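Q: Handing you a structure now.
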Amino acid sequence: MGDSNYSKAYIQALIDELKTSKIYTDLQCAAQVDLAKPTLRLSELKKGVLNGLVNSGWDRKLRNAIYRFLQTNPKLQAPTPPPEHLKEPLVYLRKAQQSWEKRILKSLNSMCTELNIPLARKRPEKDQKEWAQKWTELGIDGPVRIEKTEPKDASEKDLSQIRPVYAPKDFLEVIIGLQNPNYHGSDTPGFYHLWGIVQVPLKVKDIDELRLQYSDMSINQCQSGIDDAQDIPSELFEQERVKLGKKVISANHGPLAQEFSKKGCPTSMRATLWCQILAIEVDEIDILYYEQLKTNVLQHELLVDSLLYKDVKLTATNDDQYFVFEDFLYQVLLPFSRDTHVLKHFDYNSASPPKSYIRGRLGMEEFAVNYPPNGVIPFHGFAMYVAPMCFLFKETITLYYVFREMYIRYFFRLHSISSHPQGIVGLSLLFESLLQTHEPDLFFHLKSVGCHPLKVAFKWLVRAFSGYLSSDQVLLLWDRILAYNSMEILAVLAVAIFSFRKTNLMKVQSYNAAEAVLADLTTLQVIPLIQLSLFSK
Amino acid sequence: MSKGTKVPGYMQGKGSRNPRGIIGDREIRYKCSLQNTILDVLRGRPGWQEVPGQNNIQPNVNQANPKQAGSGSTTQGTTSGYKGSVRNPQGPGTQSAVPTRLQGDGDWDFYWCDREWLAQNYDTMFLYEHQKILHFRNHYELTRKNLMVKNLKRLKKQTERELGKAEGQSFEFFPTTYELPSEYHIFVEEFKKNPGIIWIMKPAARAQGRGIFLFRRLKDITDWKKGEYQPLSDPNREVPETYVVQRYIENPYLIGGRKFDVRVYVLVVSYNPLKVWLYRSGFARFSNTRFSLDSIEDTYVHLTNVAIQKNAPDYDPDKGCKWSTQQLRKYLSAKHGVEAVKKAFKGIDNIIIKSLQSVQKIIINDKHCFEMYGYDVLFDSDLKPWLIEINASPSLTASGKEDYDLKFGLLNDLLNVLDLENRLTGKEKRVGGWDLLWEDGPILADDGNMECAPNGTTASIPNSFLGCHNERKRQLRELYTAAQSIKKS
C-alpha cells in the first residue's frame, strides 16, 4: 500500500490486525505449498510465490481482508486524536449520549428491582438441557414457560411484565432536546433558527451532492427492483444483469460486488453479493465461535433475553411477513447479546457499553463487566434489523455473521447520538433540510398543523424501514446502503414518501390524520420513489 | 340436453339479437347459497340483481321421493306455487318423462349453489342456454380422495401403455395411496415392505382435516379398525367409511422450521374440450408449530389446513399463519434462484393438467357448469410439488383483510372470465388474475396479442403465472378497452 493518504500508524494498525487474523496463517500455508512446488526456481523465488498466491485466489482474499479493514476503521489523522474524539468529537453530543445511557440503565435497573429478577444468573442443569433441546424452536413457549418447570423458583417471571426499555419515540424526544451551547444566544430572532425540530447545526449534504453520490441510480440507468419486474420481458435487462452478476460473484472481490450492487442485487444473488461486500466467509472457526456463543446462552440467563423475547413477540411474530422466522430471530439475537466481538465497534461508536458489577462489589472497577456482554441494550423494534435478512440465508450461522457485520458497520448509528453524517441526528437533519428545501409548502403545512414530519419519519429511520416496507423492498433499499456504504439513502426515501403522498398530506389537519396517511407503506416501490425525489426536480 | 333454441317468452326478442347469450340489456339475476365473500362480490357487481326469496330453501322438497313425484300434476302445482311463474319450454315426449323436469329453473342466470343442492336437483333441472351454475354433476370424482387417486392411477397406466414408462414419470406427484377398506390387503403388503415409514390416514369424503391421523405401526391401525368398524356400534351406518392411507411425505420443505402447503385456485369452464384457468394469487398456509417427526401424535404440526389450526391452543386469528403466493415465490427465488422456482411451479401446472385429464372423460360435461377448485400442494425439500388434495368448495370465508381482498378479487375475476355480461371477445388469455392455462392443449404466453412480449425468445413459456405480480385492476381496464374496440370494428 504505497498510498500516502494513509498514515504510518494506520498502516501499522492494519498490519497488526492482519497478523492476528486467520488469513495470516492461511497465507503462510499457501505460500509454503507454492514453495514446495518442484517447478519453482530458486532465483525467482519471490516472484514465483507471489504468482502462485494470485493463481490460487489468495491474493483476492487478502485484498478483501484489507478492504474490510478500511471500511470498518475510520482513518486516523495525525496527530492521533484522543480516543473519545474518535467516538464523538463534539463534547455536548458526547455528554448527551452519556446521560441518555444513564437513563436507559436506570430504567433497566428499576425493572430489575421491581420484578425482582437478576441481570444475569446461571441456569440450573436441568434447564440447560431443556434449552439445548428446544434450541431450534425457542418461539414455542419462550423463556417463561421453560422457567415454570420450577414453580418454587422465587424469581418466576412473566413476559407480560417485561416492557421494552425504550422506543424510538422516547429517543426522538432526546434528540429534539439537543442544543448546541455555542448557539446560546438564539433568542435573538433570525440569528440561527432551523425550521425543523432538530436544532443541532451539523453539515448535511444538499440535493446536488446526493445526486452525484447516487448517480448510478439515475433514471436513465436500468435498476434491479424496477427493470426486472416480472411483467417486463427478461431479455431487456434481467438476463444481462444476471450474467454480469455471475461474473462478479466468481471474481469474489468485495469492491467489485459493491460496485455491482449500486444498481441493486438480483434476488437470487443477493445473499452471495452481501457476503462478499461484507467480507464474510463462514469457516470452521466461525462455526465454533457461534457454537460457543450458543453454549453461553444455554448456561446463563440474562434479563436481556426477556427483552429480546418481548421484542420479537411484539414485532416480528405479529408481522405477516416475518412470523415464520420467529425461531431464527432468537437463534441470532440471543447469541448476539453474548458476543464480545461486538464490543470493538464502541471504538468508533459514540455510545459506550454499560457496566455492571459483580454482586457485592458495586463501584469497584476491577469487578466491572460489560452488560450485556456485547454492550448493546435492545430497544423496541431491535429484532427488525434481523428480520428481513431471514429471507436471504437459510443457514442460521451465515445469517448471524451477516447481521453482526451489518450492525457494527451501520445499524448502531441509528440509535446513538453522534455528529457522524450517517448517525441518526445527521439523518434526521438531512431529512428535514431536504424536505423543507424541496417541499416547502408541504413542510410548512404540516408544521403549522402541529405535525412535524420528523415525528412520523423518525421511526422509519431508526429501523432502517424494516417492518414498514414490504420485505423485498427493504432488501432493495439495504442493497443501496451496502453498495454506497452510506445510510443517507434512508433520509432520501423518507422525503420521497412525503412527496409521493403530498396531495393527501396537504389536506390533513392533525397529527393523527397525517400518521394515518403514512401508516401503510407496504405498497410502495422504493427505487422509483428514490429516483423521483433525487432526479426529477 | 336439447334445449338450445328454447328461450323464455319475455326475452325472445332480445335473444335473437345476441348470438352468445340471451341476457341482452336486462339485469343479470343470481342466486347464491353462501353468506360470505361470494355474496359480497355478487352484490357489488353493477347490473346484477339477487333473485328475491330465500336462497337456501330447496325448491323441490318432494324430490326426496321420486316415485311420488311421478304422479304428475301435484308436483307441478307445488313448484309453480314456489316459483310464482311456470314456463313450460319442454314439450311432452322430450327425453325425460319425469314431470318435475318442467319446473325449469329459469328465474336465475347465475347460481352459486352448494354441492348438496346440485346433487339433489341436477338430474331434474332444466337449464337455458345462458344459465351458469357452479359445480359439475359428478365433481366428487376429483375431490374424493379415493376416487382422485383411482383416476390418476388409471391415467398413469394408460399413459405408460401408450407412450412408455418415461412419460408415466410425469405422474409421480402423489404419494403411494391405498383405499381402505377395499385395498387393505395390498396396503398391508406394501406396509411390510417399507417398515418404519410414516403413513397418514384420511377419511375419503371429509373435508377441512377432520378425522386425519398419522401412524407408524400397524397396531395403531388395527386399534382404529376396531373402533371404527364395529358393525353394531352405529346402526345408522351401513357400510364402513372409506379412508385412504397415504405414504406421508417426511421431508417437507420448511420455512423457519415450519411446514406449509400452497393453495392454488383453478377454474374449469369446460371438460370437453378441457379449458382451464389458473389464478395468479393464492396463499401458503403455515403449520403453527415446528416440524419434527418425533411427535407424530401432534396433529397440529402435520396438518396445515386452516380449519384444524384454528383449534390449536395459541392460534392467533389475526395472523392467520398465511403468506401470499407472491411472498412465497419471492422467498423461494431468493433462496434457490429464479430457474429452480420456475421449474417447481411448472410442476404445479403439470399436477393441475394431469389431474383434470384423469377425469376428463368421466366428468359429465355441461356447458352450464363451471367449477373452481382449490388445489393443495406441498413442496418437499427438493422443491418438488406433491398433490395433497383437491377441493371443489374451497373456503371463501376470509380470515383477515388481506385474505378478503384476495378472495374478493378472485371471485370477481371468475365472474369476469365467465363473462355473463358478454363484454369480452372470448379469445382472451388473461382476465384479471386468471391466466388461461389449457384449452385442449397448452397455451403459450406469447402467441396472442393481449400480452405484450417481444419477438422470438419467449416462445416456449407457458401461460402460467402462479405467484407472479397480480395487478388485476389495471389489466382488466386495458382488457375491456381493447375488447370494446375489437367489437366495434
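Q: Under 15 Å from the Cβ of A:Ala251, count the other residues' Cβ atoms, weight Lys and Arg +1, Asp and Glu -1, and hand me the total.
A: Numbers: positive: A:Arg60, A:Lys61, A:Arg63, A:Lys243, A:Lys246, A:Lys247; negative: A:Asp59, A:Glu259, A:Glu281.
Result for the local shell: +3.
Q: For the stretch A:344-380, run through the trypsin sites (Lys or Arg not before Pro) and keep only the ones in DSSP coil with at most 15 other Cβ atoms within 10 Å of their Cβ. Could the numbers behind the result be given before it?
A: Numbers: sites: A:Lys344, A:Lys355, A:Arg359, A:Arg361; in loops: A:Arg359, A:Arg361.
Those satisfying the criteria are A:Arg359, A:Arg361.
Q: With a 1.4 Å probe and all protein chains left in place, how much accessible area per residue does the stretch A:449-537 have, in Å²? If you can, show how the numbers build up before the last one.
A: Values: 2610 Å² over 89 residues.
Value returned for the stretch A:449-537: 29 Å² of accessible area per residue.
Q: Quick one: how many lysine pairs in the stretch B:108-210 have C-alpha atoms under 22 angstrom apart, if they're 8 or more apart or on different chains?
A: 15
Q: Please grab the % of Cα pairs in the stretch A:326-426 that end up more than 17 Å from each other. Mind showing how you got there, number by number?
A: Details: 2828 of 5050 pairs.
Beyond 17 Å sits 56 percent of the P(r) for the stretch A:326-426.
Q: Right, next: Under the Kirkwood approximation applied to all pairs of distinct alpha-carbon atoms, what is the hydrodynamic radius of the stretch A:1-118 in Å? Intermediate values should be presented prior to the final figure.
A: Values: mean 1/r = 0.0532 Å⁻¹.
The Cα-based Kirkwood calculation yields 18.8 Å.
Q: Modelling each spin label as a point 7 Å along the Cα-to-Cβ direction, I'd like the A:Arg41/A:Leu105 distance in nm, to one decimal.
A: Result for the modelled spin labels: 6.7 nm.
Q: Another question, then. Jot down the radius of gyration and Dmax of the stretch B:355-432, Cα atoms only, both in angstrom.
A: Over the stretch B:355-432's Cα set, Rg and Dmax evaluate to 15.7, 45 Å.
Q: Another question, if that's okay. Enter the mean number of other protein chain beta carbons within 10 Å of the beta carbon of each residue in A:320-328, as an integer. Write down the numbers at each step before the final one.
A: On the way: counts 10, 5, 1, 9, 12, 4, 4, 4, 3.
Whole-number average of other-chain Cβ neighbours for A:320-328 is 6.
Q: Roughly how much accessible area, to the nearest 100 Å², goes out of reach of solvent when B and A pair up, both sides summed, probe 1.4 Å? Write down the numbers at each step before the final one.
A: Numbers: alone 23370 and 25670 Å², together 46630 Å².
Adding both sides of the contact gives about 2400 Å².
Q: Hey, another quick one. Just to be sure I understand: if I project the alpha-carbon convex hull of chain A onto a plane and average over all orientations, what area do I get in nm²?
A: Values: hull surface 122.2 nm².
The number I arrive at for chain A is 30.5 nm².
Q: Of A:Lys313/A:Lys344; A:Lys263/A:Lys294; A:Lys19/A:Lys102; A:Lys22/B:Lys259, which sit over 32 Å apart, Cα to Cα? Provide the component values of the computation, followed by the final result.
A: Working: A:Lys313/A:Lys344 29 Å; A:Lys263/A:Lys294 37 Å; A:Lys19/A:Lys102 38 Å; A:Lys22/B:Lys259 39 Å.
Those over the limit are A:Lys263/A:Lys294; A:Lys19/A:Lys102; A:Lys22/B:Lys259.
Q: How large are Rg and Dmax for the stretch A:280-341 when calculated on the C-alpha trace, in angstrom?
A: Expressed in Å, the Cα Rg and Dmax of the stretch A:280-341 come to 12.9, 36.
Q: So if I take the centroid of the Cα atoms in the stretch A:483-510 and the same for the stretch A:95-123, what is the distance between those two points in Å?
A: Computed from Cα coordinates, the inter-centre distance equals 35 Å.
Q: Determine the equivalent ellipsoid of the stretch B:127-229 by diagonalising the alpha-carbon gyration tensor, then write out the semi-axes as square roots of 5 times the eigenvalues, largest first, rounded to whole Å. Walk me through the intermediate numbers first.
A: Numbers: eigenvalues 182, 103, 22 Å².
So the equivalent ellipsoid measures 30, 23, 11 Å along its semi-axes.
Q: Which residues, if any, in the stretch A:253-288 lose at least 30 square angstrom of accessible heavy-atom surface (probe 1.4 Å) when the other protein chains sit next to their chain rather than the chain being alone?
A: Residues shielded by partner chains are A:Thr267, A:Ser268.
Q: Continuing with this model, one more query. What accessible area, in Å² to the nearest ten, does a 1.4 Å probe give for B:Ile197?
A: 20 Å²
Q: How about the stretch B:329-361: which of its residues lose at least 30 Å² of accessible area in the presence of all protein chains relative to their chain isolated, using a 1.4 Å probe?
A: For the stretch B:329-361, once contacts with the other chains are taken into account, B:Lys330, B:Tyr331, B:Ala334, B:Lys335, B:Val338 lose 30 Å² or more.
Q: If you don't mind, another one. So what is the 222 nm mean residue ellipticity for chain A from helices alone, if each DSSP H run of at least 4 adds -39500 (n - 2.57) and you divide by all residues, rounding to the nearest 500 deg cm²/dmol?
A: On the way: 25 runs with 282 residues, N = 537.
After summing the helix terms and dividing by residue count, I get -16000 deg cm²/dmol.
The values are calculated or read from the model by the stated rules, or taken from the named source; none is laboratory data. Here the structure is a predicted model, which means the values were calculated and not measured. Note that we place each Cβ from the backbone using ideal geometry, even for glycine, and neighbour counts take in every protein chain shown. We work out accessible area using only protein heavy atoms, side chains counted, and drop any ligands, DNA or RNA first. Shrake-Rupley method; radii C 1.70, N 1.55, O 1.52, S 1.80 Å.
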